[in-house]
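Participant: Provided herewith is a single structure, encoded as structure tokens, for subsequent inquiry.
The values are calculated or read from the model by the stated rules, or taken from the named source; none is laboratory data. These numbers were taken from a predicted model, which means no experiment stands behind them. Heads up, the Cβs are rebuilt from the backbone with ideal geometry, glycines too, and the neighbour counts pull from every protein chain shown. SASA here: full protein model, heavy atoms, side chains in, ligands and nucleic acids out. Shrake-Rupley method; radii C 1.70, N 1.55, O 1.52, S 1.80 Å.
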Amino acid sequence: MSRTTFCLWLAHLGGLGRVPFAPGTVATVVAGIPVAFLLGGTSIHWALVVVSALVLASCYVSEVAERKANRIDPQEIVIDELAGYLVTVIGFPPDWKTIILGLLLFRIFDILKPWPVSLLNRKTPGGIWVVLDDVGAGVCAHIILWIILAAWP
């Protein structure tokens, strides 16, 4: 397998990026939820290392996939959704309330891109721009999730 083929496979999370309807949501559910449960069982330090490495790797493979597709931020690149969702749920207990609320909040911020996420959503080529708005959506969703969980016993 060539480097480009491997990068495409990662950027598309296998075949999840090629599903015909809502590939970002499908990737978040199918890949994000199991990974969130796995990371939730580790220390916060280990989870931060894994998520940070994933964000950096996502920038690289998204760059390669974007160049190969010859389009800015093509929807079949879904590794950024995985990274953004994990930013949303990192540090929270891996229970269903957190996982589902995190999923809903992340998808709302990722799809609607309200301020300040809209500032990161540039139609500029480059893997960092593919990933940055999803990480921003994840940070905003994380904050709202923290507020909800603090208020909800």
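Participant: Would you confirm, using the coordinates I've provided, whether LEU39 is open to solvent by less than 50 Å² (accessible area, probe 1.4 Å), closer than 24 Å to ASN121 by Cβ and out of contact with any Cys (no Cβ under 7 Å at 6 or more places or on another chain)? Quick ask: steps written out before the conclusion?
Facilitator: Details: open to solvent by less than 50 Å² (accessible area, probe 1.4 Å): yes; closer than 24 Å to ASN121 by Cβ: no; out of contact with any Cys (no Cβ under 7 Å at 6 or more places or on another chain): yes.
So LEU39 does not fit the description; no.
Participant: On to the next question. Being at pLDDT 95 or above and either part of a loop (DSSP other than H, G, I, E, B) or in contact with a Leu (Cβ under 8 Å, 6 or more places away or on another chain) (or both): is that true of LEU104 here?
Facilitator: Values: at pLDDT 95 or above: yes; either part of a loop (DSSP other than H, G, I, E, B) or in contact with a Leu (Cβ under 8 Å, 6 or more places away or on another chain) (or both): no.
When the stated conditions are applied, LEU104 does not pass them.
Participant: Tell me which of these GLU76 doesn't satisfy, since it passes every other one: (1) in a helix (DSSP H, G or I); (2) open to solvent by less than 40 Å² (accessible area, probe 1.4 Å).
Facilitator: (1)
Participant: Please enumerate the residues belonging to the stretch 112-131 that are open to solvent by 30 Å² or more (accessible area, probe 1.4 Å) and either touching a residue at least 40 places away in the same chain (Cβ under 8 Å) or not in a helix (DSSP H, G or I) (or both). Give the derivation first.
Facilitator: First, the residues of the stretch 112-131 that are open to solvent by 30 Å² or more (accessible area, probe 1.4 Å): 112-116, 118-125, 128-129.
Hits for the stretch 112-131 are LYS113, PRO114, TRP115, PRO116, ASN121, ARG122, LYS123, THR124, PRO125, ILE128, TRP129.
Participant: List the number of the failed condition for GLY14; all other conditions in (1) in contact (Cβ under 8 Å) with a residue 24 or more places away in the chain; (2) under 16 Å from the mean Cα position of the chain (by Cα); (3) surrounded by fewer than 19 Cβ atoms within 10 Å (Cβ to Cβ) hold.
Facilitator: Condition not satisfied by GLY14: (1).
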